[in-house]
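Below: one structure, written as structure tokens.
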Amino acid sequence: MKKKVLIVGGGMAGCASAHVLSNKKNFDITLIEKSSYLGAGVRTFTYAGHPYTFGPRHILTQSKEVFNYINKITPLRKIDMNYLSFIEKDNQFYNFPLHFDDIKKMPDKKKIKKELKNRNLIKINNAKNLEDYWINSIGKTLYGKFVDKYNKKMWQVESNKLIDTFGWSPKGATIKSGPRKAWQTSICAYPKKLNGYNDFFDKIYNYKNVKIKLNTDFEVHKLKQKSFYINGKIKKFDIVISTISPDFYYKKKRNTLKYIGRDFHKIVMPSQNVLPKNVSFLYYTNDETFTRIVEFKKMTLHKSKTSLIGLEIPSRNGKHYPLPFKSEINKAFGFIKSFPRWFFSIGRAGTYRYAVDMDDCVEQAIEIGKIINNDNYSSPLPLKKWQDLN
Ligand SMILES: Cc1cc2nc3c(=O)[nH]c(=O)nc-3n(C[C@H](O)[C@H](O)[C@H](O)COP(=O)(O)OP(=O)(O)OC[C@H]3O[C@@H](n4cnc5c(N)ncnc54)[C@H](O)[C@@H]3O)c2cc1C
């Protein structure tokens, strides 16, 4: 008997799952997507001939397996990405993340050095929230310049004391004397082709055992009986891989998990390049409404007399970022834990983890492929790496 698999959502996690499971001959897979295309924000579109995605979407991974997996389907080019932060008070750009060498260039360097000398290691390690952690580890002045306003706008909060988990701004990754270690040991890459990751999404159409349904209405009929409404018709499945917010499956609690969205703007500039050579992003840590800009050419290598900039403004539109609050993460885990053993909740929204990036989505899909090879698989929370709060 063929096993019927339902994949909910055709973003990176859903499409990676379809690739992985398509190898299994006894699986009959249906992927449903509510919009009219696959890939979600990672899909490449063009504007004035410039390829772009919704925000930057380069791969940054520590996993060779993940790199090789994507590279086989859509060839990747390794790239070097450098970022700067703009500090209005100093009218200067400095390295992002924070770098010791930059302090020499700051007008208030004496005060900053004094504050750095007085750092309290015990307080840093016991910090309960983002504000405590950063003030104790870099001092008030650097906190005011780099961390305070940026995080408040990023998460749309009045106080950084509300941010009480560290996946977003990890303990240990404060001020550096060299590039961030995680970046030195990671592979940074972008698709070679100008259509970006679109082949990764669209090659799924080639698989005989995968049916793709776009513009699809999806509702739960009886979850425990594996029964769902798809475009109004009741359908049953053996395995579900869901990449959408876990509260969707509980009608009375739907939309209880909080997210931050993004408004995205495209701006064409009248020069071949806008940002300095080797700089791909600029972060804005002041009173601006936007958080960062990216120059797409730095990733796509598209040739043109003009250059396309993408600008992101945090907003209430969309479910792009799960919040780094313990209360929300615990609420999400409550939903995920109550799913049956044949129901996998993966991807950024599915795991309710900001730290789940594109590479993690692929890694999770590969892991599910391995888990369900064994008929006795169990556990609604198989993906341990993404469970802890720190
Ligand atoms: C602005 C921005 C920039 C980013 N930049 C990077 C980066 O540079 N590098 C990186 O690694 N990561 C980046 N990320 C994160 C990364 O892109 C995401 O973690 C990843 O793409 C999430 O994929 P996903 O499949 O889990 O979710 P999504 O991409 O959200 O896909 C979920 C899909 O489910 C569909 N859907 C929703 N509800 C339903 C429903 N009821 N029925 C059917 N379908 C439904 C949606 O339409 C969507 O297509 C960025 C994220 C953002 C927001």
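The values are calculated or read from the model by the stated rules, or taken from the named source; none is laboratory data. These figures come from a predicted structure and were not determined experimentally. Every residue, glycine among them, receives a Cβ derived from its backbone with ideal geometry; neighbour counts consider all protein chains shown. We work out accessible area using only protein heavy atoms, side chains counted, and drop any ligands, DNA or RNA first. Shrake-Rupley method; radii C 1.70, N 1.55, O 1.52, S 1.80 Å.
Computed quantities for the displayed model
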quantity: Other-chain or far-sequence residues with amide H under 5 Å of residue 3's (modelled H); calculated: 27, 28
quantity: DSSP-assigned coil residues among chymotrypsin sites (Phe, Trp or Tyr not before Pro) in segment 1-98, each with at most 16 further Cβ atoms within 10 Å; calculated: 37
quantity: Accessible area of segment 1-85 belonging to carbon and sulfur atoms, whole % at 1.4 Å probe; calculated: 51
quantity: For segment 98-179, accessible area per residue (1.4 Å probe, heavy atoms of protein chains only), Å²; calculated: 52
quantity: For residue 307, distant residues with modelled amide H under 5 Å away; calculated: 269, 271
quantity: Shape metrics for segment 98-179, restricted to C-alpha atoms - Rg then Dmax, Å; calculated: 12.4, 32
quantity: Residue pairs, from the table 111/149; 123/326; 25/370; 224/370; 104/140; 251/319, whose Cα atoms sit over 22 Å apart; calculated: 224/370
quantity: Segment 253-301 - Rg and Dmax from Cα coordinates, angstrom; calculated: 15.3, 50
quantity: Positive-end residue of 19, 68, 147, charge dipole of the chain with Cβ unit charges; calculated: 19
quantity: Leading residue at positive end of dipole, segment 98-179 (Cβ point charges), from 103, 133, 159; calculated: 103
quantity: Overall Cα dimensions of segment 212-353 - principal axes, largest extent first, Å; calculated: 59, 36, 22
quantity: In segment 50-126, trypsin sites (Lys or Arg not before Pro) in a DSSP loop with at most 16 other beta-carbon atoms within 10 Å; calculated: 104, 105, 119
quantity: For segment 98-179, size of Cβ-based charge dipole, Lys and Arg +1, Asp and Glu -1, in debye; calculated: 420
quantity: 25 °C / 0.890 mPa s Stokes-Einstein diffusion coefficient of the chain, Kirkwood radius on C-alpha pairs, µm²/s; calculated: 110
quantity: Candidate aspartates and glutamates for bridging to residue 297, where Cα separation is under 18 Å - those fewer than 8 sequence places away on the same chain excluded; calculated: 80, 312
quantity: Rounded tilt (10° steps) of 358-371 against the dominant C-alpha axis of the chain; calculated: 40
quantity: Cα→Cβ-extended label distance, 7 Å offset, between residue 4 and residue 236, nm; calculated: 0.7
